[in-house]
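One structure below.
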Amino acid sequence: MSAPEQLSFLQPVNEREVRKAVVKELKAYKALRVAVQNKQEQAEKGIDQLFPRLHQSETKNDLKARQIERALQYSLDEIERKIIEEKYLSPARVNDINVYLELGLTKDQYYIKKREAIFQLATALRII
């Protein structure tokens, strides 16, 4: 069986939807990461809940934060991780050109690595 025939068994994936879903989760991860740190800090100080809680999704949020952290750490190579961290996890809004110039990549290399990183994260997080 040839490679194209083997690939035809896989469901087609809408690249734009995958990217949108991963970016949405990465943006949420920034807040989840802080929430987990705040929870640990409150536990260390013996404080149960410092702010009013409107949603009871603490366990789900902790799990999401840990799984995204694991995906970032283990499913990406060093360049892919730096691209994701700079582009999506930094507090400032960063343009693609700034990221690839800072990393010493060409525009083509950058977009290939960025796409690969998005798909690696999507696979690790079971989005695809």
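The values are calculated or read from the model by the stated rules, or taken from the named source; none is laboratory data. Just so we're clear, the structure is a prediction, and the values are computed from it rather than from any experiment. Ideal geometry is used to build each Cβ from the backbone, glycine not excepted, and the neighbour counts take in all protein chains shown.
The set of residues from the stretch 55-106 being touching a Leu at 6+ places or on another chain (Cβ under 7 Å) and of a type in the set (D, E, K, R) comprises LYS64, ARG81, LYS82.
Kindly evaluate ARG70 against the criterion of being outside any loop (DSSP other than H, G, I, E, B), within 16 Å of the chain's Cα centre (by Cα), at pLDDT 95 or above and of a type in the set (D, E, K, R). Spell out the reasoning first.
Numbers: outside any loop (DSSP other than H, G, I, E, B): yes; within 16 Å of the chain's Cα centre (by Cα): yes; at pLDDT 95 or above: yes; of a type in the set (D, E, K, R): yes.
Yes, satisfied.
Among the residues that make up the stretch 108-118, is at least one of them within 14 Å of VAL18 (Cβ to Cβ), part of a helix (DSSP H, G or I) and of a type in the set (Ser, Thr, Tyr)?
Of the residues in the stretch 108-118, the ones within 14 Å of VAL18 (Cβ to Cβ) are 114-118.
With the extra rule that they be part of a helix (DSSP H, G or I), the set shrinks to 114-118.
Subset that is of a type in the set (Ser, Thr, Tyr): none.
Checking the stretch 108-118: not a single residue is within 14 Å of VAL18 (Cβ to Cβ), part of a helix (DSSP H, G or I) and of a type in the set (Ser, Thr, Tyr).
Does LYS27 satisfy being surrounded by fewer than 18 Cβ atoms within 10 Å (Cβ to Cβ), closer than 28 Å to PRO12 by Cα and touching a residue at least 60 places away in the same chain (Cβ under 8 Å)?
Working: surrounded by fewer than 18 Cβ atoms within 10 Å (Cβ to Cβ): yes; closer than 28 Å to PRO12 by Cα: yes; touching a residue at least 60 places away in the same chain (Cβ under 8 Å): yes.
Criteria met by LYS27.
Residues in the stretch 36-63 that are charged (D, E, K, R) and surrounded by 11 or more Cβ atoms within 10 Å (Cβ to Cβ): LYS39, GLU41, GLU58, LYS60, ASP62.
If you scan the stretch 80-100, which residues turn out to be surrounded by 11 or more Cβ atoms within 10 Å (Cβ to Cβ), assigned to a helix (DSSP H, G or I) and more than 14 Å from the chain's Cα centre (by Cα)?
First pass over the stretch 80-100, keeping only residues surrounded by 11 or more Cβ atoms within 10 Å (Cβ to Cβ): 80-90, 94, 96, 98-100.
From what's left, assigned to a helix (DSSP H, G or I): 80-89, 96, 98-100.
Of everything in the stretch 80-100, those that are surrounded by 11 or more Cβ atoms within 10 Å (Cβ to Cβ), assigned to a helix (DSSP H, G or I) and more than 14 Å from the chain's Cα centre (by Cα) turn out to be ASP96, ASN98, VAL99, TYR100.
Restricting the first member to the stretch 92-116 and to residues that are of a type in the set (A, V, I, L, M, F, W, C), and the second to residues that are loosely packed, with under 13 Cβ neighbours inside 10 Å, the beta-carbon pairs closer than 8 Å and six or more apart or on different chains are ILE97/LYS107. Tallying residues that are among the small types (Gly, Ala, Ser) and under 15 Å from LEU89 (Cβ atoms) within the stretch 45-74 yields 2.
Taking the stretch 91-125 as the range and being at pLDDT below 95 and either within 19 Å of ALA65 (Cβ to Cβ) or in contact with a strand residue (DSSP E or B) (Cβ under 9 Å, 6 or more places away or on another chain) (or both) as the test, only PRO91 passes.
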